[in-house]
Every structure is written in structure tokens, then in C-alpha cells.
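The structure under discussion appears below in the form of C-alpha cells.
The values are calculated or read from the model by the stated rules, or taken from the named source; none is laboratory data. Fair warning: this is a prediction, and the values are worked out from it, not measured in the lab. All Cβ positions, glycine included, derive from the backbone under ideal geometry; neighbour counts span all protein chains shown. To get the accessible areas, we keep the full protein, side chains included, count just its heavy atoms, and leave off ligands, DNA and RNA. Shrake-Rupley method; radii C 1.70, N 1.55, O 1.52, S 1.80 Å.
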Amino acid sequence: AASASAASASASARSPHLGVVAVISAAVLSGLAGVWTEARVKRTAHVSVAVRNVQLGLASLAAGACSVCWLDAEAVRQRGLFAGFTPLVWLVVLQVAAGGLIIGVVHKHADIIAKGFATSLSILLSSALSALLPSLRFSPSPRFLLGAVLVVAATAVYCLSTDAPSGERQRRER
């Protein structure tokens, strides 16, 4: 009986319907958050990119600190905050920090649609680089390749479109 309940719990944990709902929910919430953030950033255009990066960084720091306190307080007390950090982990931390700084610039000078395309293209670039490193054993599936073609095509259509937002069109014409 115990193995049957474990099997049903495992099957429910991998429900395709739950996965689709989770992905759609994440996409909608991400889109709403992006639009709200863009509106806030554009409304306060007089704030410099450096100040905006500090503001965004402080919000992330607060969220991360709450997460550490909630989930890992005992381990941090015992071993310290940076226990287990290797040079590779520090490299990832620096890469994410650089990405955060770039996001601040993107928020200042582009729109949420351009940010979405930039994110998609960065995933494709990371995947292409991963495919070149045999130690990662990444081999793109036909569905991934189809998705990659669609992302590149959508980016090209958007960038070449005369219906793109006027700010984007003006930046491209310069």
C-alpha cells in the first residue's frame, strides 16, 4: 500500500496539466511584473542607471536574505554564509551579478519586449556554447531546434517590422 501511494504521489508530482498551469502562471506573472517594472522605470526616467541598479539589487538582497533566514538559518550559523563556495560558484555569482547590471541598462534603454527577446537569445547562445563543450553532454532535441528557429525568426521579424514601437524604430534608425 505504501508503494502504491508513493507511485501515485510521484505521478501527481509529474502531472502535465499541473506543469502547463505552472508555466502559464509563471509567464503571465513574469509579463505583468515586467510591464509594471518598465512603467515604474520609465516614469522615473530621471533616475540614473547606477541608482536604479542599487534599488533593484537591494530588493533582490532583501528577498535572498529572507530566503536564507527561512530555509538555511541553522546551516549558516554553523558553517557561515559562504560555506561551500568554490571558485566555480563565485564565477556563477559574478555572472549573475553582471546580468543584473545589464538588466538595469536594458530597463533604462529598451522595452519589455526587447528584454524578452534578449533573454531568449541569451538562452540560445548559452545552449549553443553548451553543445560545444563535450563535458556537458548537451545535445539539442529536434523540438529545441524548432524552438530556437522560431525564437530567431520572431526576433528578426520584430526588429525588421515597421510596426515596432516608435522608440525602438528611432533607436534602430540612428
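See the values below:
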quantity	calculated
Extreme residue, nearest to GLY31 (Cα to Cα), among residues of segment 112-146 that are among the small types (Gly, Ala, Ser) and within 17 Å of the chain's Cα centre (by Cα)	GLY116
Residue check, VAL76 touching a helix residue (DSSP H, G or I) at 6+ places or on another chain (Cβ under 9 Å) and modelled with pLDDT of 90 or more	yes
Considering residues of segment 79-96 that are over 14 Å from GLY64 (Cβ atoms) and part of a loop (DSSP other than H, G, I, E, B) only, the residue least open to solvent (accessible area, probe 1.4 Å)	GLY80
When residues of segment 22-53 are limited to those that are among the hydroxyl-bearing types (Ser, Thr, Tyr) and assigned to a helix (DSSP H, G or I), the one surrounded by the most Cβ atoms within 10 Å (Cβ to Cβ)	THR37
Residues (farther than 22 Å from ALA45 by Cα and more than 14 Å from the chain's Cα centre (by Cα)) located in segment 93-111	VAL93, LEU94
Any pair with Cβ under 7 angstrom, 6 or more apart, that starts in segment 97-110 at a residue that is farther than 16 Å from ALA59 by Cβ and open to solvent by 50 Å² or more (accessible area, probe 1.4 Å) and ends at one that is assigned to a helix (DSSP H, G or I) and of a type in the set (Val, Ile, Thr)	VAL105/VAL49; LYS108/VAL41; LYS108/VAL49
Search result, residues across segment 121-174 that are modelled with pLDDT under 80, open to solvent by less than 50 Å² (accessible area, probe 1.4 Å) and assigned to a helix (DSSP H, G or I)	GLY167, GLU168
Yes/no for PHE117 being aromatic (Phe, Trp, Tyr), at pLDDT 80 or above and in a helix (DSSP H, G or I)	yes
